[in-house]
Each structure stands twice: as C-alpha cells, then as structure tokens.
1. Hey, quick one: spin label on residue 224, modelled 7 Å out along Cα-Cβ, who in segment 168-200 has an amide N within reach, i.e. under 15 Å?
2. To the nearest 0.05, what FRET efficiency results for residue 386 and residue 93 with a Förster distance of 56 Å applied to their C-beta separation?
3. I need the Debye-formula profile for segment 228-458: one equal scatterer per C-alpha, no solvent, reported as log10 I(q)/I(0) at q = 0.08, 0.10, 0.14 1/Å, two decimals.
4. When the scattering of segment 150-255 is computed by the Debye formula from its Cα atoms alone, each counted once and equally, what is log10 I(q)/I(0) at q = 0.11, 0.19, 0.23 Å⁻¹?
5. Express in nm, to one decimal, how much length is gained between residue 379 and residue 43 on full extension, taking 0.36 nm for each residue of separation and deducting their alpha carbon distance.
6. Per the Debye formula with a single identical scatterer at each Cα and no solvent contribution, what log10 I(q)/I(0) holds for segment 312-385 at q = 0.14, 0.17, 0.18 Å⁻¹?
7. What percent of all Cα-Cα pairs in the chain falls into each 10 Å bin, going from 0 up to the bin containing the maximum distance?
8. Using only the alpha-carbon atoms, how far is helix 72-85 inclined from the longest principal axis of the chain? Give it as 0 to 90 degrees, nearest 10.
C-alpha cells in the first residue's frame, strides 16, 4: 500500500524529531451490507475504505492522526503536527533496520465475498427469512441483516517491523418478532466467522431463521419471570457475554494500567471460583474474533487469563506494556484506520468443566435457566452489570418447568465468577461486536453451561 522509501523516511524522520516510537497503519477494506425486512431488500450497499493512521509515543503519552491522503508530503505534515502536539523538543540519532515479516495465515478463505454476486447473497437472506417466517403463525416481522468485508492491512513501526495481512469476515443476523394478543417478543440469532461465503456451508441460513423465530415464539407465550435472589444456570455460547462484559473488559490493559479495574494488581491472586478457568484466544482458525496478527503487528496468541480461579495475566497492547511490565500479547485492536489501537478481547471464553448440562439442571432445586442472553449494560470500573435474558425458563425440583420472559440478571462481575460452583462440558461460542475506545470489533464470547449459586433476578408479575 505504501512505497518502502516513504515508510523508511517517515519513521526515520519521526525518530529524529525525538519520538520514542513511530507506527504506520494503512487499510484497504471492501464491504457489503444488506438489510431485508419481511422478505424485501430495503438496503443494499457496497463500499471501500482506504486510509492511513500515524501514531507516536513519547514517555507515557501517545497521539494519533489519520488521513486518506497517502502522499509523503501530507504524511510528513501530519507527523509534524503529532510531534508538536506532544511538545517534543529533543532530537535523536538512531538507525533503524526495517525488516519485512511474513505472516503465517491460519484462516483459509475459499470464496471471497467480493467474488460472489449480491443476488447470491440475497438468496442466503431469503432462506433465513423463510426459516423464521414459516416457523409459527405468531411471527409478525422478520429482519435479516447480511454483512461481509475483506480488509487488507499494512503495518510498519520504528522497531523495524514491516508486515501485511488480509482479513475476511461474513455474518448473518436474524431478528424475528412474535405477536400474541397485544404483546410482542423478539428473538435474535447472529452467527458469523472469519470466513468467506463458504461459511454458509457450515451454517444453514434457514436454520438461523428458525432459531431466531423459536426464541420469539417461545417467549411471547411465556409467563413473566419472578424476581428475587436465586441460583441461575446460564447456558453455553452467547451466555459468555456476561464474562466478556463484566470481567473481560476489566482484564484489558486499557483499564488495568490506570488502576481503574477491580482486578488491577491481582496477578497470582484468587479472583474466581476454583472451577473457573478462562482464556482469550485470537488464534482459533476462522473464528469470528481471530486474526493472524493484531492491529499493531504482534502475532495473536492464546492467553490464559484465569486458571483454576487464579488470575494469570492481562490483555496488553504495545502502549501499556512498558508501564505494566508485561509484553504485548497480541490484543492491540482497532475498528479501522480512524482509531488508535488499544487492548481488546478476541475470542474470550470460560473453559469446559466436568458436568453434563443436564446434571447442572438436576442439581438445582429452584432457580432460573438463562438459555439465551440478550443485551445489557456494565459499569467498566466496578463490573456492575444488568443483562436481559432473551430466553429464560424456571427450574423447579431439578427440572425445567416452564418458559418465563422479562428476566434480567443484576450483579457484579468480580462477585459472579466467585459464585460459579458448577461448570459444564458443553463449551460453545457466540458472535458479537464489542465496543470500546478503539471502536467496534468482532469478538466471540463463550462458555459451557455454568451455575451461579446466587444472582439477583429482576422480573415482574403478569
């Protein structure tokens, strides 16, 4: 994307002006987004993003700027502004040996999205629509969203690194609304992967529609959930969103380095139940949150965050690594060239335990079974959360008794992971978009079925 001479000149100039570190990030991204409402395509757009970002460090400060102008003159001017912004006055003499580093690709793509016509993508959406609409006569609306992108990135920095990578992702999102009498409930299912169109050889769009409609149909027929403190069994896959939001963000260097995390300074300490181990793994082939390298050029890796309840490490990007005394571990991520990278999760999940899901239900005399989680909110500094249960069931005498709706789970992440007393063997992951100061990035959440001994459940009577 950039001539090697321009790269060398820019980095050399930034270092000579006194910057401790200079980084160049360039991106060329093609994407397609389509929306279908009740079987009719309402939005269909394709676009291309092309830009470059410059970042410099000086001491414990960093500044970042971006542009669409790739000329050496414009980039030099932008670099001058960054140096002036940090009020750097000293000049340095330092030779830099730039070395191209090849990236090993762990995410094979067979059918690149841009090589497939929009009409073929519409067929995928129509199949999902039919799966949802045909599920029940209570389904009153179906909205299908399709999204793919093909991103090429270029990274160079004053440590001498020059590298490039290509990422492809595809996702289908189905939202079904069920209506009964004067009430409505919705169901959502949104599978995705770091794959091309071959993804739909693994995930049947029709079945994706059925799953969204099943949740909506089941919940609109359900009674309202009771309120109070009780044991809660949380299902696998997207159930891991609670760990992601209430605990995972508190393990990112973005908050830990500032002391704004409940887990700051606790490496080697017991922070969770002994049956809880958790990882963040950006290396899983073709997983939604995986990359070969992060957005700083560091190879992704499998980071063991918690082992048998003991905190083992944090997610650390380049900027925070020196302050924390921990090497960058492949988690520097950004939405696109308009954002500076920071520490972010990739595929984050609780590792499997020894119980069958049925055993966990059978061991629970009374409580709530949260089969599908919805959205929620989290206070990042404290880990206090409030999550909606998209699909819930009451547990009575060790059996799933009846569906209930309107339940919310209220608690604090650091407390919840200490109250997990049973972990299932049915690990699965779900897909989502994670937002933070470096924008919105694809992330997998996951877990096996788990039981929390006590949680506040918000509900109401019908």
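What follows is calculated from the coordinates using simple rules that are stated; it is not laboratory data. Quantities reported herein were computed from a predicted structural model and do not represent experimental measurements. All Cβ positions, glycine included, derive from the backbone under ideal geometry; neighbour counts span all protein chains shown.
1. Inside the label zone: 182-185.
2. Numbers: r = 55 Å, r/R0 = 0.99.
Calculated value: 0.50.
3. The Debye formula, applied to the Cα set alone, gives -0.27, -0.42, -0.81.
4. -0.63, -1.16, -1.22
5. Values: separation 336, 0.36 × 336 = 120.96 nm, distance 3.44 nm.
Going from the current span to full extension adds 117.5 nm.
6. -0.76, -0.93, -0.98
7. Calculated over all Cα pairs of the chain, the distribution is 4, 19, 27, 25, 16, 7, 2, 0 percent.
8. 80
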